[in-house]
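Beneath this line is the structure, given in structure tokens, with notes to follow.
The values are calculated or read from the model by the stated rules, or taken from the named source; none is laboratory data. If you're wondering where the values come from, they're calculated on a predicted model, not measured in any experiment. Neighbour counts are summed over all protein chains in view; Cβ atoms, including those assigned to glycine, are modelled from backbone coordinates with ideal geometry. The area values use the complete protein model at the heavy-atom level, side chains included, leaving out ligands, DNA and RNA. Shrake-Rupley method; radii C 1.70, N 1.55, O 1.52, S 1.80 Å.
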Amino acid sequence: MTELNALIDLIDDFANGADFDARWRLANEAVRNLGGMAVNIGEFDTTTQEIKWLTSTMSTEWMDRYMERAYFDADEILDHCVKSNEVIRIETGLKMPENRFCPVEVALDHDLHDFGYRGFMAQALTTGVQDRLAVSMVMNHAPRALEVPEADAHFRRMAAVIAAFIGRPDTSGDVEVYYPKQRRLTPRERDVLSLLANGHQYARIAEKLGLAEITVRTHVQTARAKLKASTREQAVAIAVRDRLISI
């Protein structure tokens, strides 16, 4: 009965969340109550096996590094969650090249450990015909430290409620949203699109950034291709929509 009451209380809290930001705060609170230090939530397309969006309360410095180095391409948790609904536990700082891990996997594993992210519990749950939502709890200790009675059951209950109620991020909200599909938009490409969004012409952008005008045009062309935009105006619009740049 106690477990059922806890589930009902958690459902009530999330059902009363006014918007994504409110439910996101509840997810953070639930993770901390279970002994975690941060939470990651992401939605997958199971047909393409691509992650549509990702939110996280890990540090901004870490998330910038994660995106810039395309660590999600070697992320063991994401790879598991796109294929399975089972809970996975990961301890960081253990991968070595001699154990046949690729360099990016080793770099991700040891960077996580160096940032103080020592363990993870994660589960993905189906939310639609083609969609799956992954919930990951980040810890400053190895997952085995959570060997308390029914730890997995508590996590499964929390992940199930989050997946059922969290919804999709509102681009007008305060929660930072990351879009890995657009990972190859470089900082310079973002700079160029941001200046375009603020009304600058190619010549002025080149002057402000200390680049040749032809280089600016090349950055716009490559950004358009990555964002699958037909025009530079559409590339700017997509970049603003997905919070890749601000105006």
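Figures for the structure shown
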{"quantity": "Every residue from the range 98-152 that is at pLDDT 80 or above, over 25 Å from Thr55 (Cβ atoms) and loosely packed, with under 14 Cβ neighbours inside 10 Å", "calculated": "Cys102, Pro103"}
{"quantity": "Selected residue (only one of Ala225, Ala212, Ala197, Ala206 is open to solvent by 70 Å² or more (accessible area, probe 1.4 Å) and of a type outside the set (Phe, Trp, Tyr))", "calculated": "Ala225"}
{"quantity": "Subset of the range 34-59 [open to solvent by 40 Å² or more (accessible area, probe 1.4 Å) and modelled with pLDDT under 90]", "calculated": "Thr46, Thr47, Thr48, Gln49, Glu50, Lys52"}
{"quantity": "Candidate set: the range 225-247, residues that are part of a helix (DSSP H, G or I) and β-branched (Val, Ile, Thr); chosen: the one farthest from Tyr179 (Cα to Cα)", "calculated": "Val236"}
{"quantity": "Residue that is among the β-branched types (Val, Ile, Thr), in a helix (DSSP H, G or I) and under 20 Å from Met67 (Cβ atoms), where the choices are Thr218, Thr222", "calculated": "Thr222"}
